[in-house]
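A short write-up of the structure that comes next.
The values are calculated or read from the model by the stated rules, or taken from the named source; none is laboratory data. Predicted model only: the values in this text are computed from it and were never measured. Positions of Cβ are generated from backbone atoms using ideal geometry, with glycine treated the same way; all protein chains shown enter the neighbour counts.
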Amino acid sequence: MQTAVAAIVERVRAAHASGEPLCIQGGGSKSFYGGPPTGSVLDTTTLAGAADHEPTELVVTAPAGMRVLDLEEQLAAQGQCLAFEPPRFTAATTVGGMVAAGLSGPSRASAGALRDHVLGMTLVSGSGELLQFGGRVIKNVAGYDVSRLVAGSLGILGVIVEVSLKVLPRAAAETTLRFDCKPGEALAHLHAWAGRPLPLDASAWWNGSLIVRLRGSEAAVAEGTAALGGETIDAAAAAPFWESLRDHTDPFFVAAEDAIEHHDATLWRLSLPQTAPLLGLAGDELIEWHGAQRWLVTALPATEVRAAAAAASGHATAFRTRDRSTGVFAPLAPPLLAIHERLKRAFDPKGILNRGRLLPGL
């Protein structure tokens, strides 16, 4: 992989010298996310190879061009996993793209976000410097936590070369339960269950059904199942459901793409406090993360959606939309925007990397 790294360093240095904008691209599975890609493609799939997995240390170091599916297969062979369940929008999704997007799947509310599992990183800055941050151990407190800063930055701070991640053993037991209820009732249930010692790992409400997943020891899952009741879903049916929710192949997301294509709708990702009430916005809604993440398909104006999310102490992201010209992420307050601008200048002085993907002008 050293040859591939050297080639990327030289390409970035040449672009820095000329001011040529570069579009960092791995598997291309998230080209829809964030601002429109601009510039010449910088292919990171050349940064491929096997991951360095240390099962006893619960750490894996993977090259950015490695497919997430291949990484998870390697971990599964040792009975371990990426607990945050990153979405794999296609089979080509890479480790670098996974970290750059910073997205997490159904177990986010219990396992933590992707950035919580990042331990260290090797990065090529916008001026072509090869930088290393963090380490390959769980207990690492030296210096600034730049690795987690890069997670979710959509490539505007540098080209990810490799990343070290905390991994966890697979749960000993798992059960999925279903309840018939309205969205308000679902939120009430989830709020009440949150205050109890239950191994509640994931939840999703859509179209009159609340689906919850319990994970943990066999005893804890058995006790939780007895305490909650509901309809037990067979594992053979439950596993594909959670996979489809994770990878956005569930009927809700399929219908959302059709609405975007034919009715100029937008798929909004609403990040809210778990205790936030229903926002009452027109459109189809799916509730995840025990109420903290809500997907909304609607043709409502962006100003109305963002205002409703802000009123509930949250924010709204235009996750999938045909028109990205007005910005995808919620506008930042001036002091916070100034911090982003300074960080961008420090890592990418000429602003050549993934220009405009995270915020206009960055």
Task: Condition met for residue 211 (of a type in the set (Val, Ile, Thr), within 21 Å of residue 103 (Cβ to Cβ) and touching an Asp or Glu at 6+ places or on another chain (Cβ under 9 Å)) - done: no
TODO: Within region 188-226, count every residue that is among the charged types (D, E, K, R) and part of a strand (DSSP E or B).
DONE: 3
Open item on the list: If the requirement is being among the small types (Gly, Ala, Ser), surrounded by 15 or more Cβ atoms within 10 Å (Cβ to Cβ) and either at pLDDT 95 or above or in the same structural domain as residue 60 (by TED's automatic domain parsing) (or both), which of these qualifies: 173, 142?
Closed with: 173
Open item on the list: Residue under question is residue 351, and the condition is that it be at pLDDT 95 or above, surrounded by fewer than 20 Cβ atoms within 10 Å (Cβ to Cβ), farther than 24 Å from residue 29 by Cβ and in contact with a strand residue (DSSP E or B) (Cβ under 6 Å, 6 or more places away or on another chain); does it hold?
Closed with: no
Open item on the list: For region 199-222, give me each residue that is closer than 16 Å to residue 290 by Cβ and surrounded by fewer than 20 Cβ atoms within 10 Å (Cβ to Cβ).
Closed with: 206, 209
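Of 194, 202, 237, 220, which residue is among the aliphatic types (A, V, I, L, M), over 30 Å from residue 32 (Cα atoms) and at pLDDT 95 or above? Spell out the reasoning first.
Values: 194 fails: at pLDDT 95 or above; 202 fails: over 30 Å from residue 32 (Cα atoms); 237 fails: over 30 Å from residue 32 (Cα atoms).
None of the other options fit; the residue is 220.
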